[in-house]
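Visitor: What follows is a structure written as structure tokens; I'll ask about it next.
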Amino acid sequence: MKIATAQFTCVPADISANARQMVALTDEARVLGAELVVFPELALTGYELEAVLDRRDLWVQADDPRLDAVRASGVASVVNCVAATAEGRPAIETLVFGPDGELITTYRKQHLFEHEQDVFVAGQHDGRFELGGLRFALATCFDNHFPELVSRGAADGCEVHLASSLYGTGGGVKELAAVYPGIAKDFNLHVVVANHVGPAGAWTGCGRSALWAAGGDLLAQADADTPMVVTAEVG
């Protein structure tokens, strides 16, 4: 399967504007032959924690009409967003839509990073789905720093590990460059990471979204500055 990872600069707290950017990137991915596209952490809102606390209109469900064009793109998509929960606080949730626009699965970030713990509820279950004959595991940013989470995916027969993330300039560059090829090497998984590029809340996304083969060889990587899509054959 050809998979795309997409990076862009989110419009702060504007779901409709970000959805339009995602559709444009998905169109690029389709032209390149991709069957699945992965987007960064909190791609629909940007990393805007104060806004998320103040505005429930930034909390979405899978059938949110603002996502109609994303679902209608004809390409399967991994969309990370803010979602309502029964606990009253939101979760950082991944929605996986199939090429027909139907919801395949959801996943909630289990390992919340520092200040996220004051805003969000942590997920309690791992994320899995199958598409095109491949089995996928889902993780969100800080999740990927916990080998036990990745190990469960490998033990469950997953072949591809998908990560929606936010790594900033500075130390984030070294973290991204170490964590994801490390997962590919240590667990023999194909790995796809989608990262922010440009301003993202208090951070500046360092880009470098990428795909690695099982074993750790780099297949394709975006640059550090440009909203773009890169693709590779996986599996």
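Visitor: Please return the longest range in the chain lying between exposed loop sites, taking GluC sites (Glu not before Pro), DSSP loop only, at most 11 other beta-carbon atoms within 10 Å, and leaving the sites out.
Guide: 103-235
Visitor: Could you work out [θ]222 nm for the chain from helices alone, using -39500 (n - 2.57) per DSSP H run of at least four and dividing by all its residues? Round to the nearest 500 deg cm²/dmol.
Guide: Computed mean residue ellipticity for the chain: -6500 deg cm²/dmol.
Visitor: State which helices in the chain qualify, where a helix is a whole DSSP H run, it must extend 27 Å or more along its own axis by its Cα atoms, and its mean Kyte-Doolittle hydropathy must be at least 1.6.
Guide: none
Visitor: Label points 7 Å out from Cα along the Cβ direction at Asp118 and Asp186: separation in nm?
Guide: 3.0
Visitor: Would you tally the net charge around Gly235, using a Cβ to Cβ cut-off of less than 11 Å, leaving Gly235 out, and scoring K and R as +1, D and E as -1?
Guide: Net charge in that neighbourhood comes out at -1.
Visitor: For the chain, give me the percentage of DSSP beta bridges that are antiparallel, rounded to the nearest 5 percent.
Guide: 65
Visitor: If you average 1/r over all unlike Cα pairs in the range 137-192 and invert the result, what Kirkwood radius do you get in angstrom? Display every interim value, and only then the final one.
Guide: On the way: mean 1/r = 0.0891 Å⁻¹.
When all Cα pairs of the range 137-192 are included, the Kirkwood radius is 11.2 Å.
Visitor: Show the residues, 5+ positions off or on another chain, whose built amide H is closer than 5 Å to the amide H of Ala200.
Guide: The list, which skips near neighbours in sequence, is Gly205.
Visitor: Now, a different point. Show which aspartates and glutamates lie in cross-link reach of Lys2 when reach means a straight Cα distance below 12 angstrom and same-chain residues fewer than eight apart are skipped.
Guide: Of all the aspartates and glutamates, those that pass the test against Lys2 - Cα under 12 Å, at least 8 places apart if same chain - are Glu35, Glu233.
Visitor: To the nearest 20 debye, what charge dipole does the chain have about its Cα centre, counting +1 at the Cβ of each Lys and Arg and -1 at the Cβ of each Asp and Glu?
Guide: The calculation lands at about 200 debye.
Visitor: Next question. Taking the chain as the region of interest, what is the percent of Cα-Cα pairs per 5 angstrom bin, listed from the shortest bin to the one with the maximum distance?
Guide: Here the calculated profile for the chain is 1, 7, 16, 22, 22, 18, 10, 3, 0.
Visitor: Provide Rg and Dmax in Å for the range 61-134, with only Cα atoms included in the calculation.
Guide: Both quantities, over Cα of the range 61-134: 13.3, 39 Å.
Visitor: Which three numbers, in whole Å and largest first, are the semi-axes of the equivalent ellipsoid of the range 194-235 derived from its Cα gyration tensor as √(5λ)?
Guide: Semi-axes (√(5λ), whole Å): 23, 10, 7.
Visitor: Could you check how much of the accessible area of the chain is carbon and sulfur, as a whole percent, using a 1.4 Å probe?
Guide: 50
Visitor: A follow-up question, please. Give me the accessible area per residue for the range 35-151, probe 1.4 Å, as a whole number in Å².
Guide: Per-residue accessible area for the range 35-151 comes out at 40 Å².
The values are calculated or read from the model by the stated rules, or taken from the named source; none is laboratory data. Note that the structure is predicted; figures quoted are calculated from it, not measured. Backbone-built Cβ (ideal geometry, glycine too); neighbour counts: all protein chains shown. Heads up: the accessible areas ignore ligands, DNA and RNA and are worked out on the full protein's heavy atoms, side chains in. Shrake-Rupley method; radii C 1.70, N 1.55, O 1.52, S 1.80 Å.
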